[in-house]
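Beneath this line is the structure, given in structure tokens, with notes to follow.
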Amino acid sequence: VIGSPRSRTRWAQHARSETRARDTMDDVVRAVSVLYGTDALQQAEANRWLMAFAETPAAWDLCCELVLSAPASEHRFFGANVLLTKVRREWAGLGGEARNQVFGALSTLVVETSRREQGGLACKRLCLAVGAAAAQQAELCAPCLSMALELGGAEHGQGGAVAAFALLCALPDEIEQLASGGGGGEQPAGSSRAGAEDLLPFAQPVARLVEAHVAPRAGSSAELRKSALSCLRAWAGSVPQALTLRMLAEAHGALLEGLLAALADEDSVEAAADALGEVCSLEECSLSVAPGDVLLAATVSERFLRLRAQLGAAAEAGDNDDWAFAFARALGSFGACAARPLVCASAGAGAEAGALQALVLLMLECMSHPSYRVAENLVDAWVCFGDIPMQARSEAMRLPLFERLLHATVQRCMWPADGEDVDALDFEKWRVQSGSELITCCLGALGGAAFSSALASLLPAELPTCAQAWAGAWRRVEVVAFALASVHVEFKTRLRTSAPPSAPPTTPTHDSPRGAKGPSEAEALALDKISIDSLLAQSLGLALSLPPLAKERGGEGNVASVVDWRLLHAFAHLMALFGGWLKLRPQLVEPTLDFLLTAAAARAPGGDGVALSGLLASAGRAMPAGAREAPRLHLTAADAFRNLCSHCATQLAGGSFVDVLVRAVAPLLDGGARLVLGDGSRLGQDARVPLAEGIGRLVGLLEGSEPEVASQALRNLASTPARALQNLLNMLTAHAGGGGLG
């Protein structure tokens with residue numbers, strides 16, 4: 001038969017085709033070898049060639065062959081990676097029969113490479129390709145998952161288990177990526193994308209496979225245990241209703257035990273924290289105060305409490321923040337899920353109540369951990385605690401707990417002492433994000449009176465009368481101003497809320513209990529208003545004492561020489577937020593404006609202009625004549641000045657007082673541009689602008705009632721810029737030879 005002319009022709013064509021394929025295969029192997037070489041030009045050329053090759057239809061078969069027979073691991077990985085890319089990009093363009101053939105070929109490659117490479121990089125890449133195919137075509141989910149569960153059997157060994165977990169992670173991750181619009185092209189004709197409903201029937205078999213490798217006496221390697229935990233994370237995120245904390249305890253106790261035990265292991269703690277976070281994430285499956293849930297919460301709490309000594313040792317050593325961070329993340333996830341039993345069922349002297357109380361105290365200890373990252377992982381749990389109605393909580397979880405939380409939070413938000421080794425960016429991030437949220441949470445739990453009383457206890461009992469006295473007090477005063485700014489919306493809401501008339505409330509104290517026969521709603525509201533007013537007046541009174549104290553020191557009255565500029569900044573920000581409150585207290589308005597103008601001129605750290613010069617140079621501009629980089633304090637004080645002028649415009653618009661303000665503001669406007677960096681705009685904002693807008697509003701109001709005063713004020717404000725403009729015009733005229741500017 002081979003000797004016939006027709007068969008010889010077919011054989012010759014087949015031989016030429018095989019020769020071309022072999023030549024192309026050799027070219028790919030050489031190009032990949034060059035890509036891993038050291039010659040940059042050759043690498044770039046090889047990369048271009050390989051990218052063009054990957055787009056060809058022939059790449060399907062050649063890459064399958066490359067995975068099976070390439071001489072080195074990098075060649076096999078390249079082949080697997082091209083297959084993954086083509087599945088994600090080209091799956092919808094393949095015909096139905098072609099898709100089935102590709103899926104079968106990829107599945108065969110997964111089984112083969114799991115055996116030969118023990119689940120190496122190429123095998124994991126192929127698992128991603130199979131998962132990507134099944135995610136785009138729902139009918140392939142069942143065969144994909146069945147293959148994964150079979151590979152996870154003991155007869156397939158370590159390599160099979162690695163491939164199984166890679167497949168089981170790949171499919172839900174690819175489904176999520178497609179759902180979020182992050183991958184895939186057009187939908188394959190005649191098929192639908194996979195979703196959670198396609199995964200749900202396999203949730204329990206997957207949990208059993210994970211349990212076989214995570215259980216305390218499973219004997220799996222650390223790497224395989226981490227892969228199993230990653231699989232649990234992926235599935236709990238995709239089908240959370242099937243893998244809740246309650247369901248794990250009921251059906252997979254050894255899995256839950258192993259998951260919690262992994263938190264003690266530095267190698268596994270991150271994967272365990274990720275998995276527990278997903279298991280605890282479904283809000284409607286949070287634990288209740290039913291006896292079974294309380295017992296479960298106490299059991300899990302006891303497991304966390306076993307690691308208390310390890311957490312303390314890590315904090316003391318200061319060299320294991322990564323473990324503490326992951327542990328706190330797991331603790332925060334469980335705390336949010338178990339908020340009700342922790343807060344409502346922790347009364348009494350029984351073992352369950354003791355474990356629940358002890359866990360809440362452990363969470364409180366974490367708030368004082370040296371690492372800000374550790375403390376911020378508990379914020380969501382504390383917010384969940386605060387959302388539970390006060391009357392539903394056990395006695396120990398009411399005011400005393402949140403007073404301690406407020407104290408711990410405020411201490412973390414206080415500026416570190418000079419010389420203390422603290423990352424400034426971490427500290428400011430903690431204050432602005434986590435600290436503010438926790439302070440607001442404490443206000444909601446404590447009420448305005450107890451909250452205000454707790455903050456007032458930080459303020460000095462007597463007014464500091466010298467710079468030395470302020471040196472020991474400014475950090476406590478500043479954190480009170482910061483806390484007030486954090487809750488300004490809630491405070492103003494309470495101050496605006498009206499209630500029916502009632503008997504005058506008693507004076508609030510820091511340890512006033514909330515008994516069953518406490519004040520009525522109207523009395524509590526009135527008490528809140530008195531306490532809030534008192535705290536604001538006390539705080540701003542401290543601020544208004546500073547300009548006179550600076551003038552007593554002589555010189556130019558630089559208020560930053562009396563206290564740290566950060567306190568001035570906090571006061572100015574507070575004044576900007578409570579302009580409406582100040583308006584109702586006319587006796588405070590003029591001293592407040594004096595403070596703000598003093599702060600707007602204070603000598604505070606603001607850079608030497610190098611950063612500003614660099615920004616301007618990057619935009620092709622030079623530093624304007626007379627311009628300088630100004631401190632953030634100047635812009636904050638100027639913004640507060642403008643805000644107060646807006647709130648109090650009608651009561652300030654008297655000719656004599658406006659004239660005084662104009663004389664105070666004019667020098668600040670005449671000193672050249674004061675650009676404040678880091679305010680969101682590319683080249684900073686000029687701190688003079690809010691000052692000009694604020695005083696301009698007051699001058700404008702005088703135009704109708706006192707036009708002469710308004711005209712004189714306008715001349716005083718405009719004289720310096722007008723002279724500068726006239727000088728510029730004269731210079732340009734001279735440069736043009738007297739021939740005009742046209």
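Do any trypsin sites (Lys or Arg not before Pro) in region 517-590 lie in a DSSP loop with no more than 13 other beta carbon atoms within 10 Å, and if so, which? Don't skip to the answer; put the middle values down first.
Numbers: sites: K517, K529, K551, R553, R566, K583; in loops: K517, R553.
Within region 517-590, the qualifying trypsin sites (Lys or Arg not before Pro) (loop, at most 13 other Cβ atoms within 10 Å) are K517.
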Determine the distance separating the Cα centre of region 452-481 from the Cα centre of region 320-394; give it in Å without decimals. 31
Karplus couplings for region 453-460 from phi (6.51 cos²θ - 1.76 cosθ + 1.60, θ = phi - 60°), rounded to Hz, Gly and Pro as x? 5, 5, 5, 4, 5, 7, 7, x
Mind grabbing the base-10 log of I(q)/I(0) for region 260-400 at q = 0.10 Å⁻¹? Debye formula, identical points on the C-alpha positions, no solvent, two decimal places. -0.30
With all protein chains present, calculate the accessible area of L732 using a 1.4 Å probe and round the result to the nearest 10 Å². 80
C-alpha long axis of helix 586-600 to longest principal axis of the chain, angle in °: 60
Accessible-area order for Y36, Y372, largest to smallest, probe 1.4 angstrom, reads Y36, Y372
Students often check this: by mean Cβ neighbours within 10 Å, which of 291-297, 268-274 ranks highest, and how do the rest follow? 268-274, 291-297
With the other protein chains left in place, how much accessible area per residue, in square angstrom, belongs to the chain at a 1.4 angstrom probe? 46
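Quick check: with the 1.4 Å probe, what order do T592, T24 take by accessible area, largest first?
Details: T592 0, T24 40 Å².
These residues rank, largest area first, as T24, T592.
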Rank by packing, highest mean first: peptides 403-410, 329-336, with packing defined as the count of other Cβ atoms within 10 Å averaged across residues. 329-336, 403-410
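When only C-alpha pairs under 8 Å and at least 6 residues apart count, what is the relative contact order of the chain, in percent? Numbers along the way, then the final one.
Numbers: 973 pairs, mean separation 40.9, N = 742.
Taking the mean separation of contacting Cα pairs over the length of the chain, I get 6 percent.
Calculated from DSSP H runs of 4 or more alone, at -39500 (n - 2.57) each and per residue, what is the 222 nm mean residue ellipticity of the chain, nearest 500? Each step should come with its number before you reach the end.
Working: 38 runs with 509 residues, N = 742.
Helices in the chain give a 222 nm mean residue ellipticity of -22000 deg cm²/dmol.
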Extreme residue, positive dipole direction of the chain, given options A154, G95, S394 (C-beta unit charges): G95
Treating cross-link reach as a plain straight distance, find the lysines whose alpha-carbon is under 27 Å from the alpha-carbon of K429, omitting any fewer than eight places away in the same chain. K492
Using alpha carbons only, how many angstrom separate the centre of region 277-292 from the centre of region 302-317? 24
Give me the angle, in degrees from 0 to 90, between the Cα long axis of helix 521-544 and the longest principal axis of the Cα atoms of the chain, rounded to the nearest 10. 70
Taking the alpha-carbon centroid of each part, what is the distance from region 398-420 to region 691-720 in angstrom? 47
With a Förster radius of 35 Å, plug the Cβ-Cβ distance of L728 and A649 into 1/(1 + (r/R0)^6) and report the FRET value to the nearest 0.05. 0.55
If you plug each phi of region 690-707 into the Karplus form 6.51 cos²θ - 1.76 cosθ + 1.60 with θ = phi - 60°, what whole-Hz ³J(HN,Hα) values come out, in order, with x for Gly and Pro? x, 5, 5, 5, x, 5, x, 4, 5, 4, x, 5, 7, 4, x, 8, 9, x
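Multiply the residue gap between R116 and R89 by 0.36 nm, knock off their C-alpha separation, and tell me the result in nm, one decimal place.
Working: separation 27, 0.36 × 27 = 9.72 nm, distance 2.81 nm.
6.9 nm is the gain from fully extending R116 to R89.
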If packing is taken as the average number of other Cβ atoms within 10 Å across a peptide's residues, how do 343-350, 415-422 rank, most packed first? 343-350, 415-422
For Rg and Dmax of the Cα atoms in Å, pick the label among (1) 35.1, 119; (2) 30.0, 111; (3) 28.7, 87 that corresponds to the value derived from the coordinates. (1)
Once Lys and Arg get +1 and Asp and Glu get -1 on their Cβ, which of A687, A469, Q433 lies farthest toward the positive end of the dipole of the chain? A687
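Please find the FRET efficiency linking V422 to S618, where r is the Cβ-Cβ separation and R0 is fixed at 41 Å, and quote it to the nearest 0.05. Mind showing how you got there, number by number?
On the way: r = 31 Å, r/R0 = 0.75.
My answer for the efficiency is 0.85.
Please get the size of the charge dipole for the chain, origin at its Cα centre, with Cβ charges of +1 on Lys and Arg and -1 on Asp and Glu, quoted in debye to the nearest 20. Before the final figure, lay out each step's value.
On the way: 61 positive and 79 negative charges, 221 e Å.
With Lys and Arg at +1 and Asp and Glu at -1, about 1060 debye.
The values are calculated or read from the model by the stated rules, or taken from the named source; none is laboratory data. Treat the numbers as computed from the prediction; the structure is a model and nothing was measured. Positions of Cβ are generated from backbone atoms using ideal geometry, with glycine treated the same way; all protein chains shown enter the neighbour counts. Remember, those area values only see protein heavy atoms, side chains included, never the ligands or the DNA or RNA. Shrake-Rupley method; radii C 1.70, N 1.55, O 1.52, S 1.80 Å.
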